[in-house]
Each structure stands twice: as C-alpha cells, then as structure tokens.
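Peer 1: Sharing a structure, written as structure tokens. Questions coming.
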Amino acid sequence: MDNLFYWFSKLIWLFVSPDSLLLIWFGVGFLLFWLGIMVWARRLLGSLLAVLLVIGLFPVGEWLLYPLESRYPANPGLGDVDGIMVLSAAEDPMSTPTVGSGGYW
C-alpha cells in the first residue's frame, strides 16, 4: 500500500506543481486560441502573462518563505553541547587518508 501511495502522490504532484499549473494554463489558452475562442484565449493568456510578470519581477519566493523563516530564531542558543554530528559525506574525500590512498572506508 505504501508503494501505491508513493506513485499516486508523484502522479498528483505532476499536475498540481506550480510550474505544471502554469504550463497547463498556457496549454488551455493556446487550445482556446487554436479553436477560435479568441475572447477567452486572450483573457487566459493575458492573465498568464500578468502572473509570470509578477513572479519574475517581484520577490514572490521570498514573500512565501518569510513566514517560515521568521517562525524560529536565527541563531538559537545551543546550551551544553557534547559534540556535533554531521550527517553527510566527506567534504573533501581526496584529503581523507583512507580514500586518498586508494582504499575504501
């Protein structure tokens, strides 16, 4: 069941992601233009142009991220820290003695 939910969520996200919605919006406007329904085609394509100009000229992404960034303090106090755990790969694997000498971890 988890596998089905995974693929279903990927399929739904294909149609509801913002870039896909803009592309579908353009496709519907172009289809209306091709069918000869000029009034609705002009309205859809004109409103799409306005939305793209707003997204391109104004910092819409920053406006959307601001509530998430302002929810938590920028540099919270760490208190008593015993150590730091880094969950990633090595920064420079060639400088690591084991990897740099041709061996593996």
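Peer 1: Would you calculate the separation in nanometres between label points at Trp40 and Ala74, each defined as 7 Å from the Cα along the Cα-to-beta-carbon direction?
Peer 2: The two pseudo-label positions are separated by 5.0 nm.
Peer 1: Further question: Mark the label point 7 Å from the Cα of Leu48 along Cα→Cβ and return the residues of region 14-31 whose backbone N is within less than 14 Å of it.
Peer 2: Residues 19-31 qualify, since their backbone N sits under 14 Å from the label point.
Peer 1: Report Leu87's accessible area, 1.4 Å probe, all protein chains in place, as a number in Å² to the nearest 10.
Peer 2: About 150 Å², rounded to the nearest 10.
The values are calculated or read from the model by the stated rules, or taken from the named source; none is laboratory data. Since the structure is predicted, the reported quantities are computational estimates derived from the model, not experimental observations. Using ideal geometry, Cβ is built from the backbone for each residue, glycine included, and neighbour counts are taken over all protein chains shown. Surface areas here come from the heavy atoms of the whole protein model, side chains and all, with no ligands, DNA or RNA. Shrake-Rupley method; radii C 1.70, N 1.55, O 1.52, S 1.80 Å.
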